[in-house]
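Structure first, commentary second.
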Amino acid sequence: MSPFKPYRSAAEAPSLAELQAMPGLVLLEFGTEWCGHCRAAQPLIAQAVAMHPQWQHLKIEDGPGRALGRHHRVKLWPTLVLLRDGQDVCRVVRPTALQDLLAAFSL
């Protein structure tokens, strides 16, 4: 999986109801293509995802008025939210080290 997989636009992103119905572990990554923090975090996120093949990874473009970002209280990019069976388990905002991601998402 390429670490520079594009973010899903609002039209392509799943709805809140679809996310809540997803079984298992889903890692939501909120951000934008042009965000410097998002770009810098891509190698870390790619490593974490590669180490956890059980996660479904969804990159969702965020911005003003985007319902999913508002529901998950996204204020800074990237924000990563781990869901288990559609429910928030934990989050990491602007990760800078792989161990921070892995510690936060250890289940």
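The values are calculated or read from the model by the stated rules, or taken from the named source; none is laboratory data. If you're wondering where the values come from, they're calculated on a predicted model, not measured in any experiment. Note that each Cβ is placed from the backbone with ideal geometry, even for glycine, and that neighbours are counted across all protein chains shown.
Exactly one residue among 56, 42 is within 19 Å of residue 25 (Cα to Cα) and of a type in the set (S, T, N, Q), and that residue is 56. For the subset of the stretch 87-98 comprising residues that are over 14 Å from the mean Cα position of the chain (by Cα) and farther than 13 Å from residue 49 by Cα, which member is surrounded by the fewest Cβ atoms within 10 Å (Cβ to Cβ)? Among them, the one singled out is 97.
Taking the stretch 67-86 as the range and being surrounded by 17 or more Cβ atoms within 10 Å (Cβ to Cβ) and either of a type outside the set (A, V, I, L, M, F, W, C) or more than 14 Å from the chain's Cα centre (by Cα) (or both) as the test, the residues that pass are 69, 72, 78, 79. Any idea which of (1) modelled with pLDDT of 95 or more; (2) closer than 18 Å to residue 98 by Cα is the one residue 18 doesn't satisfy? Exception for residue 18: condition (2). May I ask you to list the residues in the stretch 51-77 that are closer than 13 Å to residue 8 by Cβ and assigned to a loop (DSSP other than H, G, I, E, B)? Selection gives 62, 63, 66. For residue 86, the criteria (1) in contact with a helix residue (DSSP H, G or I) (Cβ under 7 Å, 6 or more places away or on another chain); (2) over 22 Å from residue 12 (Cα atoms); (3) modelled with pLDDT of 95 or more hold in every case but one, which is (2).
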